[in-house]
Amino acid sequence: MARIRAVLFDIDGTLLDSNDAHARAWLDALRGHGKDVPFDLVRTKIGMGGDKLLMQVAGIDHESPEGRLLSERRTAVFKALYLPDLAPLPGGRALVERMRSRGIICAVVTSATGGELADLLREAAVANLFEVIVTSDDADSSKPDPDLVEAALKKLGLGPRDVVMLGDTPYDIAAAARAGVSTIALRSGGWKDRDLEGAIAIYDNPADLLAHIDESPLALGVDDEMPPSRARRVGGRRSPAPMT
């Protein structure tokens, strides 16, 4: 077993109940530019970087004038209409505090921009708890590419087997795996277990992980022999709400 020395926390859908809000903000921005995109399509892309999302849902290069305008509009809509109503996910702050009390370094690894992150951390009630922060500003490519996770490893000065990713989307799992890092997944982002294949364990939300922390990979370490496609299903068994 490799002892866990640091946890890489995603924010949206992991510590903050914000995935639907992000999808709706993108939808509002796209419709404002005459792009009629189904909600379900946008929702399934939340968790990857906005640059990739724009290309996949609307075929728009995020560096183009239209792409830049859409991204700016999305940010403005999100902050004005959706951010004030966001709430932390159950147990989020307590989980980070438990990690810190055990001497585990807590880092943020998110596809959000540095300009957005302060608001997200504040709404998640964890603004003062992270020692290392990595945003889309710190890498050339966003999730599911490994760049953000690799940037976090470099900042931490740790190897892939010394850390674990905590995320809620397939894009977290893919980004971490491509950097050689294992992922603990949460259902709180709205994804089903079959979508989270590759995680070494799956829990309902931060509170569920906290309740089972002594039997989790956070306490036991990462099993080098565990095939990445065979996650241990532990914690609660509640099905996530459908993505509608």
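Each reported figure results from applying straightforward, stated rules to the coordinates on display, with no laboratory input. Note that the structure is a prediction, hence the values are computed from the model and not measured. Counting neighbours? That spans all protein chains shown, and the Cβs are built from the backbone with ideal geometry, glycine included.
Quick one: among Leu148, Leu210, Leu69, which has the greatest mean-square fluctuation in a GNM of the chain with alpha-carbon springs under 10 angstrom?
Highest fluctuation of the listed residues: Leu69.
Under 10 Å from the Cβ of Leu83, count the other residues' Cβ atoms, weight Lys and Arg +1, Asp and Glu -1, and hand me the total.
Spelling it out: positives minus negatives among the neighbours equals -2.
Neighbour counts of other C-beta atoms within 10 Å: give me Val149, Val134, Val222 arranged from fewest to most.
Least crowded to most crowded, the residues run Val222, Val134, Val149.
Please compute the contact order of the chain in relative form: average sequence separation of alpha-carbon pairs under 8 Å and at least six residues apart, divided by the residue count, as a percent.
It rounds to 24 percent for the chain.
Can you put Thr75, Thr113, Thr135 in order of Cβ neighbours within 10 angstrom, beginning with the fewest?
So the residues, fewest neighbours to most, are Thr113, Thr75, Thr135.
For the chain, please report how many Lys pairs fall under 17 Å Cα to Cα, leaving out neighbours fewer than 8 apart on the same chain.
Within the chain, the lysine pair count is 6.
Of the residues Asp147, Asp40, Asp168, which exhibits the maximal mean-square fluctuation in a Gaussian network model of the chain defined by a 10 Å Cα contact cut-off?
Asp40
Which one of Val57, Val109, Val164 has the biggest mean-square fluctuation once the chain is modelled by GNM with Cα springs under 10 Å?
Val57
Any idea what angle helix 114-123 forms with the longest principal axis of the chain, computed on alpha-carbon atoms, 0 to 90 degrees, nearest 10?
Approximately 70 degrees, to the nearest ten.
By average Cβ neighbour count within 10 Å, what is the ranking of 174-186, 151-163 from highest down?
Going from most to least packed, we get 174-186, 151-163.
Going by C-beta contacts inside 10 Å, put Ile105, Ile4, Ile173 in order with the fewest on the left.
Ile105, Ile4, Ile173
Compute the length gained on full extension between Asp137 and Ala76: take 0.36 nm times their separation in residues and subtract their Cα-Cα distance, giving the result in nm to one decimal.
20.1 nm
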